[in-house]
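Have a look at the structure below before the remarks.
What follows draws every value from the coordinates through simple rules; no lab data is involved. Note that the structure is predicted; figures quoted are calculated from it, not measured. Because the Cβ atoms are built from the backbone with ideal geometry, glycine has one as well, and the counts that use them run over all protein chains shown.
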Amino acid sequence: MKKFLVILTLILNIIIFSEKAVFLQEAKPPLYIESIKNLGNFYLNINDIIKGFDIKIFENKVRNVIILSYKDKILEVVSEENYSKIDFINKYKNSVIVYNKKIFVKEDVIKDFFNLSIHKEKDIIFLYDSTPKIKEFNFSSEKISLLLDKFISRESIKYSKVDDIVILTVSPVQNLKIIPSGIDYSYDSEKAYIKFKSSFDYDLEINKNKILLTMKNTNQSKNSLNTIKANTNYEEKVYKIKDSEYKVYSAKIDFNKFDLKIDTNRLGTYSDINTFFEEKKPYFSINASFFNPKNMEPVANLIKDNKLIYLSAQSYRPNFYITKDGSPNINYLKLEYQIYINNIPLWIKAINTNWKSEVKVYTSEYFGNISETQNDYLFYLVQDKKIISTEPIKPIDNQKLIVINKKYEKYFKDIKVGDSIEESIKNSLDVEIKELAGTGPFLINNEFSQEKMIEEKRAWDNDIIYGKRSRTILAIDNNNVVTFIVAEGNNSETLGLNYDDCKALLEKIGNFKKAVLLDGGSSTIFYYNGIIKNKRNENWRKYIPVFISSYKKSE
């Protein structure tokens, strides 16, 4: 037995780590409690807890038992047998550790005894009676201030700056419902991520329940911010439409300085928009096609970098596209996609989708599950127009996976690895297209008669036409300059715009020859140089599959 205890002591010395525990309180500074960590669990120093709470204590030194009385509860800590009990009934085995002659009690015992909540990170545990709440959030280019309902600890705040992106992390905290304009905000597991673009450094100050970030060298900052704004085609402005005011964000895309691209966010999966922006780093970006939130698939065709990556059953709708010579346009058009395997023609109706189809194609742009199996389907993996496998292998890079229902198997009995394929993509306008994304209804089309514009409005769902919400608009002027536009809505300040309001807004912004609605409402995003500019709250969609983005050209 003695040998076993020596071995156990050695093990504990190896796996125990000294950590921090912090009790957050409403009207008092945080209480710091010595803590150790063993096998992923925090154990808190019982003496520090006794000092911080109004507790009656009884000690039986013969049995090595400490009894704590708090309000109407009793906690029994039996150090010799490494267990504790609440109200002499609920027993917690292996919940007590004696380390360096101090008694430490496991986190869940403390949580249950004091009726607290906990938030754990790698090397710290926070305890509190209710999750701290941000009562006030003020943002300007020079200063950010947050006022919480509890005193905050320095360990709750992390401040960093990466590539001109200021990142402020606050935890534990409740999710914000109203986000100040100009802030890129995300929330996960009681942790708020606050990001904004700035070329300048900030001083962090924590005073009781207030967090303050103040820009250093303020006079220089003001001048530099004015210069930055003057050198971009980005604008924030409030417009009055029918006696209501709306905050509007817009950007003119100069094709001499920017490339315009269709971006996809891991088609077929739920992929967070913040992860997308961190990886892609566009300069401007707006949400694009309408999509099905159940499977994250667009309700429109997509062409990306000369490659057809999505075909929609609802394909005959307006499409924004850029031709191979770099000209932008918006038109109704149809796409037709054919593949020939050893001169056997296949009309492809489905690309990168989980919808059932007798003939389908997957590309490396699809990150969802391939649901078809070899029991019912033939598989041909293609690279450089050659079949390289007949197994259901997910394509990578420029590969394609052709999937064919086995009821056509008799036509493909002689197909083997090494055979060639050919493909043909045609569109009803007979133009060479580099980038394309399906859109919503036309707001302006100088090629349409007045009667045809009335028909256009009638052809779309009433919710799209008459609903008031945040709106995303793409417009092209007579000089072929593309403008991204987002109007605020879906928040406490304004419901947003309907179809006719959007037309009125366009008349105030500029002269356009064509303009369309893109997806709106809780999908609305205007991203500019590292920041999501429009207001978003926790109920808005954070998984969006398609964006139209601009990237600075290499100098």
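Can you give the relative contact order of the chain as a percent, counting alpha carbon pairs under 8 Å and 6+ residues apart?
14
What are the ³J(HN,Hα) couplings of the range 77-82, residue after residue, when phi is run through the Karplus curve with 6.51, -1.76, 1.60 and θ = phi - 60°? Round to Hz, x for glycine and proline.
Here the 3J(HN,Hα) series is 10, 10, 6, 5, 10, 6 Hz.
At a temperature of 37 °C and a viscosity of 0.692 mPa s, determine how fast the range 311-385 diffuses translationally according to Stokes-Einstein, using the Kirkwood radius over alpha-carbon pairs as Rh; express D in µm²/s, rounded to the nearest whole number. Present the calculation step by step, with values, prior to reporting the outcome.
On the way: Rh = 14.8 Å.
Value of D from the Cα-based Kirkwood radius: 222 µm²/s.
Quick one: compute the contact order of the range 263-384, relative version, from alpha carbon pairs under 8 angstrom and 6+ residues apart, as a percent.
22
Give the dimensionless ratio obtained when the Cα radius of gyration of the range 32-98 is divided by 2.2 N^0.38 Å.
1.09
Just the Kirkwood number for the range 303-449, please: inverse of mean 1/r across all distinct Cα pairs, in Å, one decimal.
Working: mean 1/r = 0.0606 Å⁻¹.
That comes to 16.5 Å for the range 303-449.
For the range 63-121, which GluC sites (Glu not before Pro) are in a loop by DSSP, counting at most 10 other Cβ atoms within 10 Å?
Passing both the DSSP loop test and the Cβ count: GLU80.
Out of all Cα-Cα pairs in the range 134-221, roughly what percent, to the nearest whole number, are more than 19 Å apart?
When every Cα pair of the range 134-221 is considered, 33 percent fall beyond 19 Å.
Mind listing which trypsin sites (Lys or Arg not before Pro) in the range 104-186 are in a DSSP loop and have 11 or fewer other Cβ atoms within 10 Å?
LYS122, LYS177
Between ASN352 and residues 5 or more places away or on another chain, which pairs have amide H atoms under 5 Å apart, with H built 1.01 Å from N, and which residues are they?
Sorted by chain and number, the residues that satisfy this are VAL361, TYR362, THR363.
Give me the dipole magnitude in Debye, nearest 20, for the chain about the Cα centre, with unit charges on the beta carbon: positive for Lys and Arg, negative for Asp and Glu. Before the final figure, lay out the partial values.
Working: 83 positive and 73 negative charges, 198 e Å.
With Lys and Arg at +1 and Asp and Glu at -1, about 960 debye.
Across every pair of different alpha-carbon atoms, what Kirkwood hydrodynamic radius in Å does the range 88-165 reach? Intermediate results must be reported in sequence, preceding the final value.
Values: mean 1/r = 0.0618 Å⁻¹.
Its Kirkwood hydrodynamic radius stands at 16.2 Å.
Could you state the number of Å between the C-alpha centres of the range 411-474 and the range 302-348?
9
From largest to smallest, what semi-axes in whole angstrom does the range 401-515 give when each is the square root of 5 times an eigenvalue of its alpha carbon gyration tensor?
Whole-Å semi-axes of the equivalent ellipsoid: 42, 19, 15.
What FRET efficiency comes out for the pair ASP461/ASN292, r = Cβ-Cβ distance, R0 = 22 Å, nearest 0.05?
According to the calculation, E is roughly 0.95.
Could you list the residues of the range 370-391 with an amide nitrogen less than 14 Å from a label point located 7 Å from the Cα of LYS416 in the Cα-to-C-beta direction?
Those under the cut-off are 387-390.
Would you please give the residues with an amide H less than 5 Å from that of VAL299, counting only those at least 5 places away or on a separate chain, with H modeled from the backbone geometry?
PHE290, PHE291, ASN292
Using a basic spin-label model with each label point 7 Å from the Cα along Cα→Cβ, how many nm lie between ALA504 and ILE89?
So the two model labels end up 6.4 nm from each other.
What distance in nm lies between label points placed 7 Å from Cα along the C-beta direction at ASN82 and ILE67?
Using points 7 Å along Cα→Cβ, the separation is 2.5 nm.
Compute the separation of the alpha-carbon centres of the range 275-299 and the range 79-155 and state it in Å as a whole number.
Cα centroid of the range 275-299 versus Cα centroid of the range 79-155: 38 Å apart.
Can you report the principal axis dimensions of the chain using only the alpha carbons, biggest first, rounded to whole angstrom?
Projected onto the principal axes, the Cα atoms of the chain cover 93, 67, 46 Å.
Using the Karplus curve 6.51 cos²θ - 1.76 cosθ + 1.60 with θ = phi - 60°, what ³J(HN,Hα) values do you get for each residue of the range 504-520, in whole Hz, with x for Gly and Pro?
After applying 6.51 cos²θ - 1.76 cosθ + 1.60, I find 5, 5, 4, 5, 7, 7, x, 9, 10, 8, 8, 7, 9, 7, 9, 4, x Hz.
Do you know the relative contact order of the range 134-221, to the nearest whole percent, from alpha carbon pairs under 8 angstrom that are 6+ apart?
Normalised by residue count, the contact order of the range 134-221 is 31 percent.
In whole angstrom, and with the biggest value first, how far do the Cα coordinates of the range 15-128 range along each principal axis?
Ordered largest first, the range 15-128 gives principal extents of 35, 35, 23 Å.
Could you tell me how many degrees, from 0 to 90 and to the nearest 10, lie between the Cα long axis of helix 2-15 and the main elongation axis, the longest principal axis, of the Cα atoms of the chain?
40
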